[in-house]
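Peer 1: Submitted below is the structure of interest, expressed as structure tokens.
The values are calculated or read from the model by the stated rules, or taken from the named source; none is laboratory data. Only a predicted model underlies this, so the values are computations on that prediction, with no experimental measurement involved. Note: ideal-geometry Cβ built from the backbone for every residue, glycine included; neighbour counts use all protein chains shown. Heavy atoms of the whole protein, side chains included, go into the accessibility calculation; ligands, DNA and RNA do not. Shrake-Rupley method; radii C 1.70, N 1.55, O 1.52, S 1.80 Å.
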Amino acid sequence: MKTKTNLAILASGNGSNFEAIIKAVKKGYLSIGKCILITDKKDAYVRERAKKYKIKEIFVDPASFKNKKEYEKKLVEIHDKEKIDLIALAGYMKILSPFFVKYFKNKILNIHPSLLPSFSGKDAIENAYNYGCKITGVTVHFVSNAVDSGPIIMQKTVSIEEGMQLDELENKIHKTEHKLYPKAIRLFLKNKLKIEGRRVKII
Ligand code: GRF
């Protein structure tokens, strides 16, 4: 009988969250079966990180499919073949269609660099900074059909101090992300998340 959760991380870019999750796995903080990386970007730095940690990585080129549905069908095929139970989006820049979200209902997590529902979408850190917010933060949530809108699992605030530069805020946000995402994944792995409508109870 399979007892451990197999994790797929979907990422398109730098991969610092990917690395934070892998480190948490290596340290034994996250107890999983296996972990794979799937990326849609050939040159994404996250692929180097996967190689460094000897994590199986699969590049699926969206351009080689006739449409999004076919591309996502390929993703589903890979997830099924690899027996994936949990998907963590970590800077994955494609919007998943309702077909994909439904297929993995309540099994897809995302991390977003703001306190949702404020500053959803792209450039969230910069937008909160330029808005003059005194507080922003990080959100980990379940993925639903609307972008950055699924039930919230955890949030952590980050304060924007007087005179702080944007790059300092970015660093602070990323450091916060690297702690928060493994925590949220751990709760999922331990079956401690109960979705009740928009609310996620931590039991
Ligand atoms: C993170 O800020 C995450 O919140 C957002 O995309 C960024 C990915 O960064 N969804 P990295 O590739 O993990 O370094």
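Peer 1: With the requirement that a residue be at negative phi and within 12 Å of the ligand (Cβ to nearest atom), what does the range 83-93 give you?
Peer 2: Result: Ala88, Leu89, Ala90, Tyr92, Met93.
Peer 1: Here's another thing I want to ask about it. Which of the residues belonging to the range 44-63 are within 13 Å of the ligand (Cβ to nearest atom) and open to solvent by 70 Å² or more (accessible area, probe 1.4 Å)?
Peer 2: Tyr45, Glu48
Peer 1: Among what's in the range 6-39 and is within 11 Å of the ligand (Cβ to nearest atom) and of a type in the set (S, T, N, Q), pick the residue that is farthest from Tyr53 (Cα to Cα).
Peer 2: Ser12
Peer 1: Given the condition in a strand (DSSP E or B) and open to solvent by 30 Å² or more (accessible area, probe 1.4 Å), answer yes or no: does some residue in the range 137-154 qualify?
Peer 2: The answer is yes, given that some residue of the range 137-154 is in a strand (DSSP E or B) and open to solvent by 30 Å² or more (accessible area, probe 1.4 Å).
Peer 1: Let me ask you something else. Would you mention how many residues in the range 72-130 are assigned to a helix (DSSP H, G or I) and open to solvent by 40 Å² or more (accessible area, probe 1.4 Å)?
Peer 2: Adding up the residues that qualify gives 13.
Peer 1: Also, quick follow-up: Taking the range 160-199 as the search range and keeping residues that are over 20 Å from Ile32 (Cβ atoms) and part of a strand (DSSP E or B), which one is most open to solvent (accessible area, probe 1.4 Å)?
Peer 2: My answer is Arg199.
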